[in-house]
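Only one structure is covered here, and it is reproduced in the block below.
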Amino acid sequence: MNFSWWTFALQTANFLILVWLLKRFLFKPVSAIVARRKEEITRGMAQASAEKQKVLDLQRELEAQRAGIEAERQKAIEEQGAQLAAERKKMIDEARAEAEKIRNHAATQLSEERAAATQELFSRTIELAVSLAQRLLRGLAFPSIEHAFLTRVLDYLDHLSAQEWAALVSHLGETSVVVTTAHPLDAREEAQWREQLGKRIGAAGGIKFNSDPALIAGAEIALPSATLRFNWRDALATAAREINRNEHAE
């Protein structure tokens, strides 16, 4: 077999022409397409990365908003809980104050009612004691006991100061002196009373005598400027008032 340089040259030229044609009409368009596609892929990847970053940013923003909303919700719950607790405490305090007020009012009312009942019982006790004493003294009283009271009247008059005496006998001549005794006095007893009183007050002729069983025992002497009471009825009434005053003072 013979080597032909002419054939080799033609084949080389054909090969070069083929390479140029492939490069001209195949490799360049394909390279351009590949480059464009590569650029599109790069741009797509960049856009995808940007979109991914946007998604991540949006996700973080959403998570931040969600955290903020949760914090706001928790804060609102805490504030509402605190408000409810404050209102509950206020209601409890008001209820306690009202209960305390009612209790104090009830205690005051009970104390007042108890005091009133005690006072009423005390007053009734005094009235009963006075009534019982009156019954006992009526049983002890006898007509001649009035003489003992005359002695008390005279002793009282004899121990008056000058000022008291002047006040007692003022206006003495204008009206009569009335002597009221628990038991009627006989003529001798009236004369004795008139004589002794006349010596002291100077109105023997103007003395009148009455009787009042309600006095129990003793006498009541009505002067123009004063009334002298020396009898068991008024003594019991004075004792009852004194007991009441001492009780209230305590």
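The values are calculated or read from the model by the stated rules, or taken from the named source; none is laboratory data. If you're wondering where the values come from, they're calculated on a predicted model, not measured in any experiment. Every residue, glycine among them, receives a Cβ derived from its backbone with ideal geometry; neighbour counts consider all protein chains shown. Accessible surface is based on the protein model in full, side chains and every heavy atom, while ligands, DNA and RNA are left aside. Shrake-Rupley method; radii C 1.70, N 1.55, O 1.52, S 1.80 Å.
The table below gives the values:
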quantity: Flag if Ala107 is of a type in the set (A, V, I, L, M, F, W, C) and at pLDDT 60 or above; calculated: yes
quantity: Residue tally, condition among the acidic types (Asp, Glu), at pLDDT 75 or above and within 42 Å of the chain's Cα centre (by Cα), over the range 226-250; calculated: 1
quantity: Residue match in the range 35-47 (condition: among the hydrophobic types (A, V, I, L, M, F, W, C) and either at positive phi or open to solvent by 100 Å² or more (accessible area, probe 1.4 Å) (or both)); calculated: yes
quantity: Meets criteria (open to solvent by 90 Å² or more (accessible area, probe 1.4 Å), modelled with pLDDT of 75 or more and in a helix (DSSP H, G or I)) for Lys54; calculated: yes
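Quick grid of which residues meet (1) farther than 18 Å from Ala148 by Cβ; (2) surrounded by 16 or more Cβ atoms within 10 Å (Cβ to Cβ):
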| site | (1), (2) |
| --- | --- |
| Asp186 | no, no |
| Glu189 | no, yes |
| Gly198 | yes, no |
| Gly202 | yes, no |
| Gly206 | yes, yes |
| Gly218 | no, yes |
| Ile221 | no, yes |
| Ala226 | yes, no |
